[in-house]
Amino acid sequence: MEYVPRLKDKYYKEIVPALKQQFQYKNTMQVPKLVKISLNQGIGGAIADKKMIETGIEEMSMITGQKSVQTKSKKDISNFKLRKGMPIGVRVTLRNEKMYEFLDRLISVTIPRIRDFRGINDKGFDGKGNFSFGITEQIIFPEINIDKVGKINGLNITLVTSAVNDQEAYALLKEFGLPFKTQK
């Protein structure tokens with residue numbers, strides 16, 4: 001028997017029937033699904049210290065379980081002492097099994113470790129069914145050893161769905177278990 005991530009199994013057994021009923025889809029293929037998860041970390045101090053990019057790549061790879069790549073600047077900005085082609089950040093894109101595994105760890109382990117957490121703000125939707133939010137410190141991930149962290153950096157997480165509008169994407173992510181703030 002082949003291993004299937006828990007959230008992928010939940011999607012096909014529970015989420016698809018629930019969303020199909022909620023939005024009155026005629027076909028199962030109309031139900032929105034999670035396409036990819038993109039993680040991006042800007043490391044501003046990398047201009048002065050080149051080792052920060054290597055540390056960022058190592059940390060992001062530990063968090064996601066997939067090799068991350070550095071991002072380079074696209075143009076010169078003299079005020080920041082930035083030249084075109086200099087490394088300024090780290091990114092990684094997750095798909096398929098690794099995407100579901102990361103989302104499962106994010107929802108069940110990482111988000112509960114955030115101090116004074118009151119829910120994810122639901123204002124991160126872009127109008128086309130994608131949701132972005134930020135995490136202020138990378139140390140909330142259990143894969144990161146706090147003693148070895150030189151500088152605390154935040155990161156951006158974008159959940160890309162096949163939903164056509166924000167209501168469908170919100171319903172999909174809510175079914176996955178993303179803890180959104182409750183509306184008053």
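Might you let me know whether region 96-106 holds any residue that is among the polar types (S, T, N, Q) and at positive phi? Yes, because at least one residue in region 96-106 is among the polar types (S, T, N, Q) and at positive phi.
To keep it simple, each residue is scored yes or no on (1) surrounded by fewer than 19 Cβ atoms within 10 Å (Cβ to Cβ); (2) among the small types (Gly, Ala, Ser); (3) in a loop (DSSP other than H, G, I, E, B).
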| residue | (1), (2), (3) |
| --- | --- |
| Lys128 | yes, no, yes |
| Phe133 | yes, no, no |
| Glu143 | yes, no, yes |
| Asn153 | no, no, yes |
| Asn156 | yes, no, no |
| Val160 | no, no, no |
| Ala163 | no, yes, yes |
| Glu168 | no, no, no |
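Checking each residue in region 121-143 for being farther than 25 Å from Ala169 by Cα and free of Cβ contacts under 8 Å to residues at least 24 places away in the same chain picks out Glu137, Ile139.
One line per residue, one yes/no per condition, for (1) at pLDDT below 75; (2) not in a loop (DSSP other than H, G, I, E, B):
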site: Ile37; (1), (2): no, yes
site: Ala46; (1), (2): yes, yes
site: Gly56; (1), (2): no, yes
site: Lys75; (1), (2): yes, no
site: Val90; (1), (2): no, yes
site: Glu97; (1), (2): no, yes
site: Phe102; (1), (2): no, yes
site: Arg105; (1), (2): no, yes
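Could you grab me the full set of residues in region 17-40 that are buried (at least 18 other Cβ atoms within 10 Å of the Cβ) and over 19 Å from the mean Cα position of the chain (by Cα)? Selection gives Leu19, Val31. Of the residues screened, Lys174 is not one that is at pLDDT 75 or above, among the charged types (D, E, K, R), assigned to a helix (DSSP H, G or I) and under 29 Å from Gly44 (Cβ atoms). The combined condition, being over 20 Å from Lys98 (Cα atoms), among the β-branched types (Val, Ile, Thr) and surrounded by 15 or more Cβ atoms within 10 Å (Cβ to Cβ), is fulfilled by Ile120.
Annotation note: Cβ proximity below 7 Å between a residue of region 100-120 that is in contact (Cβ under 8 Å) with a residue 40 or more places away in the chain and more than 13 Å from Leu39 (Cβ to Cβ) and a residue that is assigned to a helix (DSSP H, G or I) and of a type in the set (Lys, Arg) (sequence gap 6+ or interchain) occurs for Tyr100/Lys8; Asp104/Arg6.
Consider region 62-73 and keep the residues that are surrounded by 14 or more Cβ atoms within 10 Å (Cβ to Cβ) and modelled with pLDDT under 80. The one that is farthest from Lys148 (Cα to Cα) is Ser73. In region 107-125, the count of residues that are out of contact with any strand residue (DSSP E or B) (no Cβ under 6 Å at 6 or more places or on another chain) and hydroxyl-bearing (Ser, Thr, Tyr) is one or more.
The values are calculated or read from the model by the stated rules, or taken from the named source; none is laboratory data. The structure displayed is predicted, hence computed values, not measured ones. Cβ coordinates were reconstructed from backbone atoms using ideal geometry, including for glycine residues, and neighbour counts include every protein chain displayed.
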